[in-house]
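The values are calculated or read from the model by the stated rules, or taken from the named source; none is laboratory data. This structure is a prediction, so every number in the text was calculated from the model and none was measured. Cβ placement follows ideal geometry from the backbone for every residue including glycine, while neighbour counts extend to all protein chains displayed. To get the accessible areas, we keep the full protein, side chains included, count just its heavy atoms, and leave off ligands, DNA and RNA. Shrake-Rupley method; radii C 1.70, N 1.55, O 1.52, S 1.80 Å.
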Amino acid sequence: MKFTLLVVGRTVEKHYITAINDYVERTKHFISFDMEVIPELKNTKTEYGATKEKEGELILKLCCGRCSGLLDEHGKEFRSVEFANWMERKMHTVNKRLVFIIGGPYGFAPKIYDVTQEKISLSKMTFSHQMIRLIFVEQLYRAMTILNNGPYHHE
């Protein structure tokens, strides 16, 4: 099984890039994992609806029509061990690919919600899209260490 984190727009802050890449590489010791970037759309700053629709088309193209986990403020919240257990269930029930999506600054087009199996919230607080990438890959790594009885997570 392959895991993918699909993000809209590139990460620009160097300290986030370094930390994200570190957790991506650590996670690859446990699972097949990569991060794909949908380039930020140009000349759409004032047309939020149009931007979301265009991003939605690009997301659907990369997801092959089905999205596994949408990172959304209205999604289900997990404690780290609960997320690890959720991941373990997914690894036994999803056939080929588990795709997590972090949208752009204006959110997701309605059609993305229509094809998404589950929504996950990392917090009730709002974080920058740069920061949420780091938080998610760290939690994915933490989940993998929990499932593999590694020393990273302490209860």
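Side notes on the structure shown:
- Considered as a group, the residues in region 32-54 that are within 15 Å of the chain's Cα centre (by Cα) and buried (at least 17 other Cβ atoms within 10 Å of the Cβ) include one that is nearest to A84 (Cα to Cα), and that residue is F33.
- When region 56-82 is limited to residues that are modelled with pLDDT of 90 or more and assigned to a loop (DSSP other than H, G, I, E, B), the one that is nearest to G150 (Cα to Cα) turns out to be R79.
- Note on region 111-133: residues that are closer than 14 Å to A19 by Cα, touching a Phe, Trp or Tyr at 6+ places or on another chain (Cβ under 8 Å) and either open to solvent by less than 40 Å² (accessible area, probe 1.4 Å) or free of Cβ contacts under 8 Å to residues at least 40 places away in the same chain (or both) amount to 2.
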